[in-house]
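Enquirer: Structure provided below as structure tokens; questions to follow.
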Amino acid sequence: APIAVEAVRRIDEIFAVERTINGRSAAERVAARQQHSKPLILDLEIYLREQRMLLSAKSDTAKAITYILSRWVAFTRFLDDGRICMSNNAAERALRGIAIGRRNWTFCGSDAGGYRAAAIYTLIETAKLNDVDPQAWLADVLARLPDHPAKRLDELLPWNWKASRPG
């Protein structure tokens with residue numbers, strides 16, 4: 001559908017801006033987004049609303065446009081917060097290993113075992129997202145945990161643990 005092709009082209013322009021600011025500070029990303037992405041987002045919204053009015057409510061394209069427009073605030077939140085990524089690709093990649101092994105995870109022994117497994121997977125993926133070797137981090141934290149003050153547990157979080165390591 002020509003409408004969908006045009007919408008994807010416009011979204012790709014926004015992703016092109018994201019590619020140029022990848023790795024910059026949150027403040028720099030917000031400034032670039034306000035200058036470059038925000039006008040593209042405003043134009044995209046106008047385009048989608050105009051096209052939606054021309055389509056039958058039962059068409060797949062109209063349903064897709066209605067879906068994004070009903071979530072517009074969430075979709076555009078990245079414009080005002082440089083910490084937020086425009087897409088959730090990183091989160092989906094992190095969950096892929098869990099999704100692939102889903103059948104195995106049904107055999108955790110009990111609901112409590114499932115909750116514990118979910119907590120461990122979360123910790124491991126958090127370490128990976130912070131560029132921390134999960135095995136080294138977990139081994140060190142488990143060894144230090146019995147004598148570590150409870151008020152300072154935040155020091156053992158992957159990003160703080162990494163910062164405290166000799167570099």
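Enquirer: Read phi for every residue in region 12-28 and hand back ³J(HN,Hα) as whole Hz from Karplus 6.51 cos²θ - 1.76 cosθ + 1.60, θ = phi - 60°, with x for Gly and Pro.
Expert: Those phi angles translate into 5, 4, 5, 5, 4, 4, 4, 5, 6, 9, 4, x, 7, 5, 4, 5, 5 Hz.
Enquirer: Okay, moving on. Is it possible to state the helix-based mean residue ellipticity at 222 nm for the chain, with each DSSP H run of 4+ residues giving -39500 (n - 2.57), the sum divided by total residues, to the nearest 500 deg cm²/dmol? What is it?
Expert: Estimated from H runs of four or more residues: -20500 deg cm²/dmol.
Enquirer: Can you tell me the accessible area per residue over region 7-95, all protein chains present, probe 1.4 angstrom, in square angstrom?
Expert: With the other protein chains kept in place, region 7-95 gives 65 Å² per residue.
Enquirer: Also, quick follow-up: Under a Cβ-Cβ cut-off of 12 Å, what is the net charge of the residues other than ILE68 that fall near it, where Lys and Arg count +1 and Asp and Glu count -1?
Expert: Net charge around ILE68: +4.
Enquirer: If the chain were replaced by its equivalent ellipsoid, with semi-axes equal to the square roots of 5 times the Cα gyration tensor eigenvalues, what would those be, largest first, whole Å?
Expert: Result for the chain: semi-axes of 41, 23, 12 Å.
Enquirer: Apply the Karplus curve 6.51 cos²θ - 1.76 cosθ + 1.60, θ = phi - 60°, to the phi angles in region 73-89 and return the couplings in whole Hz, x for Gly and Pro.
Expert: Rounded to whole hertz, the list is 4, 5, 4, 9, 4, 4, 5, 9, 9, x, 7, 8, 7, 5, 10, 9, 4.
Enquirer: While we're on this one: Enumerate the lysines that LYS151 could reach by cross-link, defined here as Cα to Cα under 27 Å, with residues fewer than 8 away along the same chain left out.
Expert: Leaving aside lysines fewer than 8 places away in the same chain, those within reach of LYS151 are LYS128, LYS162.
Enquirer: Per residue of region 146-153, what does 6.51 cos²θ - 1.76 cosθ + 1.60 with θ = phi - 60° give for ³J(HN,Hα)? Whole Hz please, x for Gly and Pro, Karplus curve as stated.
Expert: Using θ = phi - 60°, the values come out as x, 9, 7, x, 4, 5, 10, 4 Hz.
Enquirer: Students often forget the sequence filter, so: which lysines lie under 19 Å Cα-Cα from LYS38 once same-chain residues fewer than 8 apart are removed?
Expert: Leaving aside lysines fewer than 8 places away in the same chain, none come within reach of LYS38.
Enquirer: If you don't mind, there's one more thing I want to ask. Computing the accessible area with a 1.4 Å probe over protein heavy atoms, can you report the carbon and sulfur percentage for the chain?
Expert: Of the solvent-accessible surface of the chain, carbon and sulfur hold 58 percent.
The values are calculated or read from the model by the stated rules, or taken from the named source; none is laboratory data. Please read these numbers as outputs of a predicted model, since none were measured by experiment. Please note: Cβ atoms are built from the backbone with ideal geometry, for glycine as well, and neighbour counts cover all protein chains shown. With ligands, DNA and RNA removed, areas are computed over all heavy atoms of the protein, side chains included. Shrake-Rupley method; radii C 1.70, N 1.55, O 1.52, S 1.80 Å.
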